[in-house]
Amino acid sequence: MFGGLTYFQQNGNQMQKYHDFRVRGITVPIVGNTDTHGSTPYNPHWHTARTMVLAPANTRDEIVGAVKNFYNVAIQDINDHVEVLGSLRMMQYCWFLYENYFPIHDELCFEEGRLMKEYACGDAEAGEDLKRISGRVEKLRRKYFLFD
């Protein structure tokens with residue numbers, strides 16, 4: 001659906017093509033992706049197009065199955081203007097996650113990563129802090145998702 005370009009026209013054409021297909025009764029899974037050649041913070045376009053998939057497990061088969069069964073959305077983010085496309089149910093739930101789950105998740109992961117780096121560099125106190133906060137990401141995941 002969204003191809004990682006940093007202008008709306010190209011992705012808008014893809015979106016219209018998708019809607020034209022739907023009107024004709026053609027349903028195809030949608031994804032957003034980019035072939036960006038870097039990651040944050042070094043490439044400001046790293047997150048321009050991506051896919052949020054709601055799969056019961058982080059395995060190839062579960063992810064492919066979830067996309068084939070439309071348990072996903074395509075996301076376009078250009079200059080902090082975010083668009084989410086998928087079925088209405090998936091759009092609503094993924095927007096909820098985008099606004100409520102992922103900011104907390106990312107903050108927890110950032111803190112763990114910072115402490116891991118400090119511990120790897122010899123800071124024993126950071127290791128103790130890691131032990132203390134262990135399990136926070138899993139607890140958050142269980143709060144927002146029903147599958148184990």
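With the structure loaded, tell me whether LEU146 is outside any helix (DSSP H, G or I) and over 17 Å from VAL31 (Cβ atoms) or whether it fails that test.
Answer is yes for this residue.
Among the residues of segment 8-35, how many are at pLDDT 85 or above and in a loop (DSSP other than H, G, I, E, B)?
Residues in segment 8-35 being at pLDDT 85 or above and in a loop (DSSP other than H, G, I, E, B): 8 in total.
Sort out for me the helices (runs of 4 or more DSSP H) sitting completely within segment 71-140 that have 2 or more residues that are closer than 27 Å to ASP61 by Cβ.
88-96, 102-120
Would you confirm, using the coordinates I've provided, whether ASP61 is in the same structural domain as ILE30 (by TED's automatic domain parsing), assigned to a helix (DSSP H, G or I) and surrounded by fewer than 13 Cβ atoms within 10 Å (Cβ to Cβ)?
Against the criterion (in the same structural domain as ILE30 (by TED's automatic domain parsing), assigned to a helix (DSSP H, G or I) and surrounded by fewer than 13 Cβ atoms within 10 Å (Cβ to Cβ)), ASP61 qualifies.
Which condition from (1) in the same structural domain as ARG141 (by TED's automatic domain parsing); (2) β-branched (Val, Ile, Thr); (3) modelled with pLDDT under 80 is the one that ILE78 breaks?
It fails just one condition, (1).
Considering only segment 119-130, state which residues are of a type outside the set (Gly, Ala, Ser) and surrounded by 11 or more Cβ atoms within 10 Å (Cβ to Cβ).
Scanning segment 119-130 gives TYR119, ASP123, GLU128, ASP129, LEU130.
Could you tell me whether TYR98 is at pLDDT below 95 and either in the same structural domain as LYS139 (by TED's automatic domain parsing) or among the acidic types (Asp, Glu) (or both)?
yes
The values are calculated or read from the model by the stated rules, or taken from the named source; none is laboratory data. If you're wondering where the values come from, they're calculated on a predicted model, not measured in any experiment. Quick reminder, even Gly has a Cβ in these numbers, built from the backbone with ideal geometry, and neighbours come from all protein chains shown.
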